[in-house]
Amino acid sequence: MDHSNYVIDEMISAKTIAARVESLAAEISEYFKGTDKLVVVGLLRGSFVFIADLVRELDLPVEVDFLEASSYGNATESSREVRILKDLRGEIENRDILVVEDIIDTGHTMTHVLHLLKSRNPARLKVCALLDKPSRREAEVTADWTGFEIPDEFVVGYGIDYAQRNRNLPYIGSVRFIK
């Protein structure tokens, strides 16, 4: 199928996202209050815009590191085979860790990432996901903080791409393919 013809319908506005990021940051700051440093681990590449906005709102000493895991490639469906393409630079043993993900879909990527990070003995390990698609879940995983629960639709914008396009949209949009 040729995916070059599609339209994007706005699902979550930039203003709504900004307000939710602010409230998530307040909840996370309260939870980790008193930490000497929170290591925010961003899952690349879809979460980079969310991470940038979230860490600016956190009222905590923060370090940012990145992990890149892949289960999609250029497809719209998860392959369920998770590969780590870029690992963390820093040590996380006995550190407070917040994994930031753009979207939890089947849950396979997050399950793989959490297993990997738990094996490195962090003090606390929590997850914040911008979007959650619980109807697609195949692995038992839930975020500690979720921005928005969405239906089973393919979305782009606010850092999330389709074949490396549309990351720069300021809102979350639903992709509709035109035949």
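What follows draws every value from the coordinates through simple rules; no lab data is involved. In this text the structure is predicted, and so the values were computed from the model without any measurement. Cβ coordinates were reconstructed from backbone atoms using ideal geometry, including for glycine residues, and neighbour counts include every protein chain displayed.
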Segment 1-72 and segment 101-146: distance between their alpha carbon centers, rounded to Å: 13 Å
Cα gyration tensor category, rounded, prolate or oblate, for segment 18-58 with a/c compared to 1.5: oblate
Most mobile of SER47, SER119, SER135 in a GNM of the chain (Cα contacts under 10 Å): SER119
Karplus (6.51, -1.76, 1.60) ³J(HN,Hα), θ = phi - 60°, over segment 169-175, in Hz, Gly and Pro reported as x: 5, x, 10, 9, x, 8, 8
Highest-MSF residue in the chain out of THR142, THR106, THR35 [GNM, Cα springs under 10 Å]: THR35
Total charge dipole magnitude, segment 37-170, about the Cα centre, Cβ charges on Lys, Arg, Asp, Glu only, Debye to nearest 20: 320 debye
Cα gyration tensor shape for segment 14-150, rounded if a/c is under 1.5, else prolate or oblate: oblate
Listed residue (LEU169, ASN94, LEU24) projecting farthest to the positive dipole end of the chain, Cβ model: LEU169
Label-point separation, THR142 to ASN121 (7 Å along Cα→Cβ), nm: 3.0 nm
From phi via Karplus (6.51, -1.76, 1.60), per-residue ³J(HN,Hα) for segment 104-121 in Hz, x at Gly/Pro: 9, 10, 5, x, 5, 4, 5, 4, 4, 5, 5, 4, 4, 5, 4, 5, 9, 6
Spin-label model distance (nm) - ARG56 vs SER13, 7 Å beyond Cα toward Cβ: 2.0 nm
Placed amide H near GLY147: partners under 5 Å, 5+ positions off or other chain: ALA129, LEU130, LEU131
